[in-house]
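The values are calculated or read from the model by the stated rules, or taken from the named source; none is laboratory data. Just so it is clear, the structure is predicted and the values come from calculations on it, not from any experiment. Please note: Cβ atoms are built from the backbone with ideal geometry, for glycine as well, and neighbour counts cover all protein chains shown. Note: areas computed on protein heavy atoms with side chains; ligands, DNA, RNA excluded. Shrake-Rupley method; radii C 1.70, N 1.55, O 1.52, S 1.80 Å.
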Amino acid sequence: MTKHPQVTYPEGVEPPTLQGIKDAHARIQTQVHRTPLLTSTTLNTIATQAIQEIKTFENDSVQLELALKAENLQRIGAFKIRGAMNAVLKYLEEEPEDEKNFELNLITHSSGNFAQALSLAAQALTTPEKPIKATIIMSSIASPIKKAGVRGYGARIVDCEPHNRVEICNDEIRRLEAEGRKVAFFPPYDHVDIIEGQGTCMVEVEEQAQDLWGVGAHPDIVLCPVGGGGLMSGVAIASKGFWGKKGVSVIGAEPTGANDAHGAFYSKIWQPAVAPVNTVCDGLLTATGNITYPALMANIDEILLANDDSTIRAMKFIWERMKIIIEPSSALAPATILGDTLGGLEDAAEWKRIVRDVIQTKRARGDSNPHVVRVVIIISGGNVALDQVLRMFEQLEKQSRR
């Protein structure tokens, strides 16, 4: 009988830490982009309008200041390269001396951005003295664009069906080992080194927030999408490590059509991935794992839901106003806070309550500007087919005319 993830870490697992995230940042910084923290006056205005009925004291209205951590501008177009690079580089650091000149074969099962990330890591880190190859187990129904990306980085693809990817991956590992090859398996998200790598984006935010808002400034709220939980775990651990004593709230965002993390968080009982899924956020379909689930339970404060219409509206708004390409899974997080100004949301009332709680906490701490609420939103990626997005936007326009 398979044991499901629990609210505590598995026996023998050293949990991911802020120090591990800082070490990961030092390890990978020459291999990844330092992505910008982007702002938009219009976005601030729209988000503030959505909660304009909230008053603080002395008749001051709340003011939201949003900053988007643009991981869509990262290598491979998504945050996943951070975790892949950290895991592979750390593996190479710890490799026994008598194996350092052996060819290394990296392997994973992924039909998404991690497939491209591990493929790029193999290509970027290979040397004549240390050849590194990548084998990716990918679903037969995976996006042709993502398969092309994996092949473009020189990796070998082994096809599978969605239900047997783990079995096929294990078969491939046994085959490679039987040939006398050295193999290293890396899961897409449920791994301490992967989580700590993903959290490195917040080491940058810790510095960038002060450049943006002033020395010593920090976000009051950090908002991040939740799928398997690798990114959310790293972001949450780093955020609580940097600003936990300053009252930061760490909020997850999940689609209503794939809301297993939301259910697991509030019930405190792990839940499998929703089946069948019903969402355009195809990067958020995986359930949390043995490491990510307890990491989320220990480090996040809330999970908000947004429906697909709200997500597409937010994506269209950011494409048009901020001139950056983001995918639906990235648009989900800003969708949770834009309120009725861009369409109905599942959790608009919950978002308003969170902002109100933050204001009250700032007042209790003696903050000089309690009505100014600073929010960092993690934009996880921008890998989406243009024709797919245009169809979404066209359908949205048709709905708005009704």
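Residue selection: A333 satisfies the criterion of being touching a residue at least 60 places away in the same chain (Cβ under 8 Å), surrounded by 24 or more Cβ atoms within 10 Å (Cβ to Cβ) and under 22 Å from V355 (Cβ atoms).
For A238, the test of being in a helix (DSSP H, G or I) and touching a residue at least 24 places away in the same chain (Cβ under 8 Å) is passed. Among the residues of segment 204-222, what is the count of those that are open to solvent by 20 Å² or more (accessible area, probe 1.4 Å) and of a type in the set (A, V, I, L, M)? Residues meeting the conditions: 2. Applying a threshold of 8 Å to beta carbon distances and a minimum spacing of six or more residues, or different chains, the list of pairs starting in segment 20-42 at a residue that is farther than 30 Å from L64 by Cα and in a loop (DSSP other than H, G, I, E, B) and ending at one that is small (G, A, S) and open to solvent by 30 Å² or more (accessible area, probe 1.4 Å) reads Q31/A124.
Rundown of residues vs (1) within 19 Å of G197 (Cα to Cα); (2) acidic (D, E); (3) open to solvent by less than 10 Å² (accessible area, probe 1.4 Å); (4) part of a loop (DSSP other than H, G, I, E, B), yes/no style:
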{"residue": "C224", "(1), (2), (3), (4)": "yes, no, yes, no"}
{"residue": "G234", "(1), (2), (3), (4)": "yes, no, yes, no"}
{"residue": "A253", "(1), (2), (3), (4)": "no, no, yes, no"}
{"residue": "V274", "(1), (2), (3), (4)": "no, no, no, yes"}
{"residue": "T279", "(1), (2), (3), (4)": "no, no, no, yes"}
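Reported count of residues in segment 70-92, each being out of contact with any strand residue (DSSP E or B) (no Cβ under 7 Å at 6 or more places or on another chain) and in contact (Cβ under 8 Å) with a residue 60 or more places away in the chain, is 12. Any chance you could count how many residues in segment 255-268 are of a type outside the set (D, E, K, R) and open to solvent by less than 40 Å² (accessible area, probe 1.4 Å)? Count: 7. Return yes or no: is I318 among the aliphatic types (A, V, I, L, M), part of a helix (DSSP H, G or I), over 30 Å from E14 (Cα atoms) and within 22 Å of the chain's Cα centre (by Cα)? Considered against the rule, which asks whether it is among the aliphatic types (A, V, I, L, M), part of a helix (DSSP H, G or I), over 30 Å from E14 (Cα atoms) and within 22 Å of the chain's Cα centre (by Cα), I318 comes out as yes.
Within segment 147-206, the residues that satisfy the criterion of being out of contact with any Ser or Thr (no Cβ under 7 Å at 6 or more places or on another chain) and among the basic types (K, R) are K147, R151, R174, R175, R181, K182. Exactly one residue out of I312, I325, I337 is at pLDDT 95 or above and in contact with a helix residue (DSSP H, G or I) (Cβ under 8 Å, 6 or more places away or on another chain): that is I325. Selection of segment 321-330 for residues being more than 19 Å from the chain's Cα centre (by Cα) and touching a residue at least 24 places away in the same chain (Cβ under 8 Å) yields R321, M322.
Applying the condition of being open to solvent by less than 10 Å² (accessible area, probe 1.4 Å) and in contact with a Lys or Arg (Cβ under 7 Å, 6 or more places away or on another chain) to segment 65-94 and asking which residue is farthest from S111 (Cα to Cα) yields N86.
Only one of the numbered conditions (1) under 21 Å from L73 (Cβ atoms); (2) assigned to a loop (DSSP other than H, G, I, E, B); (3) open to solvent by 10 Å² or more (accessible area, probe 1.4 Å) is violated by E129, and that is (1).
Cβ separations smaller than 8 Å between residues 6+ apart or across chains give the following pairs from segment 101-122 residues that are closer than 23 Å to S140 by Cβ to residues that are outside any strand (DSSP E or B) and of a type in the set (D, E): I107/E172; G112/D282. Considering only residues in segment 355-380 that are in contact with an Asp or Glu (Cβ under 6 Å, 6 or more places away or on another chain) and not in a strand (DSSP E or B), the one that is most open to solvent (accessible area, probe 1.4 Å) turns out to be H371. From (1) charged (D, E, K, R); (2) at pLDDT 95 or above; (3) under 17 Å from the mean Cα position of the chain (by Cα), pick out the condition that doesn't hold for D282. That leaves (2) as the condition not met.
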